[in-house]
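Engineer: Below are the structure tokens for one structure; questions will follow.
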Amino acid sequence: MIRQFTIGTSHTLNKGNFNSMRIECSLTVEVPPGDDFEVLKDKAQTELRRLLEETYRAQARLNGPQ
């Protein structure tokens, strides 16, 4: 029985002139007894993609367009 899982992703953007920006996100999810791991995993993946995109947009605002 899976009680907890961690899921993560990262994306590296080439900014030119030997510069790059790496964004990493991860989530740790507790799996309560009786909950469906696959459903929780799908929700975590969706949330992780949203966080990665949100972080990229925030960095783009700070550093200018890539």
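Engineer: Rounded to the nearest 500 deg cm²/dmol, what is the calculated helix-only ellipticity per residue at 222 nm for the chain, with -39500 (n - 2.57) per DSSP H run of length n ≥ 4?
Structural biologist: It comes out at -14500 deg cm²/dmol, rounded to the nearest 500.
Engineer: Using 0.36 nm per residue of separation minus the Cα-Cα distance, give me the extension gain between residue 58 and residue 43 in nm, one decimal.
Structural biologist: That works out to 3.1 nm of additional length.
Engineer: Remind me, relative contact order of the range 4-63 in percent, using alpha carbon pairs under 8 angstrom and six or more residues apart?
Structural biologist: 32
Engineer: Just from the alpha-carbon atoms, what are the Rg and Dmax of the chain in angstroms?
Structural biologist: 15.5, 52
Each value in this text was obtained by applying a stated rule to the coordinates, not by laboratory testing. Note that the structure is a prediction, hence the values are computed from the model and not measured.
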